[in-house]
1. Scan F180, F159, F198, F231 and give me the residue that is within 20 Å of the chain's Cα centre (by Cα), of a type in the set (A, V, I, L, M, F, W, C) and at pLDDT below 95.
2. Among the residues of the stretch 326-362, write down those that are part of a helix (DSSP H, G or I) and of a type in the set (A, V, I, L, M, F, W, C).
3. Which members of the stretch 155-186 meet the condition of being of a type outside the set (D, E, K, R) and in contact with a Phe, Trp or Tyr (Cβ under 6 Å, 6 or more places away or on another chain)?
4. With respect to the numbered conditions (1) assigned to a loop (DSSP other than H, G, I, E, B); (2) more than 20 Å from the chain's Cα centre (by Cα); (3) not hydrophobic (A, V, I, L, M, F, W, C), which one is the sole condition not fulfilled by T127?
5. If you go through the stretch 125-159, how many residues are hydroxyl-bearing (S, T, Y) and without any contact (Cβ under 8 Å) to a residue 60 or more places away in the chain?
6. Test each condition in (1) under 20 Å from N130 (Cβ atoms); (2) among the aliphatic types (A, V, I, L, M); (3) in contact (Cβ under 8 Å) with a residue 60 or more places away in the chain for A85 and report the one that comes out false.
Amino acid sequence: MNVQQFILTANDWTPVSKDVNAPFIAAQLVLVFGAKHLLADERNRVKIQQRYPVADLVFASTAGEIMSNQVLDDTLSITAIYFAATRTQSSLTNIQQHSSSFATGQYLFQCLNQANLKSIFIVSDGTLVNGSDLIAGLNAANSTGIPISGGLAGDGNHFESTLAGLNEQVGTGNVVATGFYGDALEVYHSSLGGWDEFGRDRTITRSHKNVLYEIDGKNALDLYKEYLGPFSDELPGSALLFPISLKTPELEQKLVRTILTIDEEQKSMTFAGNMPEGAIVRLMKANFDKLTAASAESARQIICKAAQHKIELAILVSCVGRKLVLQSRTEEEVWAVRDILGEDTAITGFYSYGELSPFNPSGSCELHNQTMTITGFFENI
């Protein structure tokens with residue numbers, strides 16, 4: 001595997017990798033993560049297509065770009081990948097072409113379900129697609145336990161609309177799935193948060209998908225405000241500091257859920273993932289050092305799973321909530337990953353509206369919030 005990386009800002013190509021002058025016209029896959037307004041500009045997409053004429057170009061707008069050991073805004077981070085012994089295939093669909101996000105997930109898995117499928121990476125619209133249902137559909141079609149990871153596109157801290165795309169098709173509502181085929185490729189996953197739980201366990205007693213109405217028979221919003229105390233005056237912004245852990249009998253580990261909006265009239269809260277009735281929830285709070293330590297531990301898990309193999313490419317998908325909480329310290333979590341993976345690993349990624357990853361190599365994919373999720377690649381040739 002060979003990787004070539006650039007940062008595109010306005011009309012300037014800034015090289016990141018050492019071999020930027022090497023011909024890469026045979027690259028099969030190019031990942032482009034960047035600011036929504038730059039992705040929307042067709043001229044930028046044409047420039048990338050001209051540089052990598054035979055590659056599938058996978059696009060996602062972000063809440064911040066990750067490139068090497070940097071966290072960037074208002075750029076396009078470009079990672080071109082040449083596989084020596086691995087085949088890739090990418091498929092795109094739009095949520096409006098299906099009856100639900102669940103059906104969208106089922107359709108995409110069926111598109112890629114061919115012999116020697118090793119792994120799938122997803123980039124999805126982050127506002128129109130229900131990430132929990134999308135993953136449920138992918139898992140329902142995935143009878144052979146193919147590992148799936150990826151992320152939901154972002155839109156800075158605006159939460160208005162996002163873009164995802166494949167080649168010439170870039171727009172809202174899109175979901176792109178890339179399949180990796182062959183025995184040479186090894187793919188590893190990890191996902192950790194680093195948040196502290198507090199308060200007692202409580203039970204969701206009324207909800208609909210990602211809208212939470214009642215906990216322990218009480219109005220969810222009123223109960224949440226009681227916990228927050230003075231921070232309740234700063235809602236919904238302060239909710240990023242206090243996500244909620246979620247546990248159901250089906251889950252191997254607890255998930256973290258971020259609050260997107262509140263409804264004072266309905267006394268409800270809308271989350272960035274489904275909140276099923278009967279689930280056990282606890283409030284969480286930010287611990288800056290633990291957030292960074294969790295990113296480092298996520299990288300250590302990748303190294304341990306890879307054993308003697310050297311990770312050649314790592315795709316980092318971290319949550320916009322972490323970026324908004326860490327603020328000027330955001331790059332520290334990327335530095336922590338770089339320190340563990342080493343200088344020879346190409347790192348790309350983005351800050352997202354949701355992270356997709358299994359808990360373990362044979363487990364089902366889950367939608368995460370407020371985590372650092374890493375997908376590591378090594379081609380064994």
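1. The match here is F159.
2. Step one: filter the stretch 326-362 for residues part of a helix (DSSP H, G or I), giving 326-341.
L326, V334, W335, A336, V337, I340, L341 - these are the residues of the stretch 326-362 that are part of a helix (DSSP H, G or I) and of a type in the set (A, V, I, L, M, F, W, C).
3. Of the residues in the stretch 155-186, the ones of a type outside the set (D, E, K, R) are 156-159, 161-167, 169-182, 184-185.
Those that are of a type outside the set (D, E, K, R) and in contact with a Phe, Trp or Tyr (Cβ under 6 Å, 6 or more places away or on another chain): G165, V170, T178.
4. All conditions are met except number (2).
5. Matching residues across the stretch 125-159 total 2.
6. (1)
The rows are residues; the columns are (1) in contact with a Phe, Trp or Tyr (Cβ under 7 Å, 6 or more places away or on another chain); (2) surrounded by 20 or more Cβ atoms within 10 Å (Cβ to Cβ).
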site	(1), (2)
A55	no, yes
A60	yes, yes
M67	no, yes
D73	no, no
I78	yes, yes
A85	no, no
N94	no, no
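Condition check ((1) farther than 19 Å from E355 by Cα; (2) touching a strand residue (DSSP E or B) at 6+ places or on another chain (Cβ under 6 Å); (3) modelled with pLDDT of 90 or more) across all residues:
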| position | (1), (2), (3) |
| --- | --- |
| L241 | no, no, no |
| I244 | no, yes, yes |
| P249 | yes, no, yes |
| L260 | no, yes, no |
| E264 | yes, no, yes |
| F271 | no, yes, yes |
| M275 | no, yes, yes |
| A279 | yes, yes, yes |
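The values are calculated or read from the model by the stated rules, or taken from the named source; none is laboratory data. Predicted model, so just to flag it, every value in this text is computed and none were measured. Note that we place each Cβ from the backbone using ideal geometry, even for glycine, and neighbour counts take in every protein chain shown.
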